[in-house]
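One structure below.
We did not get these values from a lab; they are worked out from the coordinates using the rules stated. Keep in mind that what you see is a predicted model, and the values were worked out from it rather than measured. Cβ: placed from backbone, ideal geometry, glycine included. Neighbour counts: every protein chain shown.
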Amino acid sequence: MKINELKSPLTSRKNNKRRGRGSGSGLGKTSGRGVKGQKSRSGVSINGFEGGQMPIYRRLPKRGFKNNFQTKIQSISFREINNLVKKYNLDPTQIKEEELFIKKILKRSKGSLKLLNIGEPDTATNLEISYASKKAVEVLEKLGGKIKLTKK
């Protein structure tokens, strides 16, 4: 069986309603909108209007807010760093946050990186990263690696 031999279900072959194409089509003249009034015109904006009753979006209380100025931070663990070194053949002695963004291994739009103490580092790595937890810094330095924080 080939793709051109497949039988199509009838719904996928259904033609669009061609409105305003004469009275013989059944959708001529007013194109199924009825007669006169605001709803028969184009550009109607009465969504949410409930016939004079207070609309639900005004009846319910406001909740919370979205902070436009919050700093985005994505977390990275020792386990993930080990996987990245193996997958992308990175040099474990020099790993920089900027390099991971440039090579498009991680997305810059998701925020700067924070190293968390999850998993165990395979080798002593020298990291240049925005943020790191105290425990992660301790573990890395105990192993013989160095960490340089670009932000504080």
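Of the residues making up region 1-58, those that are among the small types (G, A, S) and surrounded by 10 or more Cβ atoms within 10 Å (Cβ to Cβ) are G20, G22, S25, G26, G28, S31, G32, S40.
Yes/no matrix, rows are residues, columns are (1) farther than 30 Å from G48 by Cβ; (2) β-branched (V, I, T); (3) out of contact with any helix residue (DSSP H, G or I) (no Cβ under 8 Å at 6 or more places or on another chain):
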{"residue": "K103", "(1), (2), (3)": "yes, no, no"}
{"residue": "G111", "(1), (2), (3)": "yes, no, yes"}
{"residue": "L115", "(1), (2), (3)": "yes, no, no"}
{"residue": "S133", "(1), (2), (3)": "yes, no, yes"}
{"residue": "A136", "(1), (2), (3)": "yes, no, no"}
{"residue": "V139", "(1), (2), (3)": "yes, yes, no"}
{"residue": "G144", "(1), (2), (3)": "yes, no, yes"}
{"residue": "T150", "(1), (2), (3)": "yes, yes, no"}
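Filtering region 39-88 to residues that are under 28 Å from the mean Cα position of the chain (by Cα), among the hydroxyl-bearing types (S, T, Y) and farther than 30 Å from L100 by Cα leaves only Y57. In the set (1) in contact with a Leu (Cβ under 6 Å, 6 or more places away or on another chain); (2) not in a strand (DSSP E or B), the condition left unmet by I147 is number (2). Applying the criterion of being under 23 Å from the mean Cα position of the chain (by Cα) and assigned to a strand (DSSP E or B) to the residues of region 108-130, the residue that is nearest to K72 (Cα to Cα) is S112.
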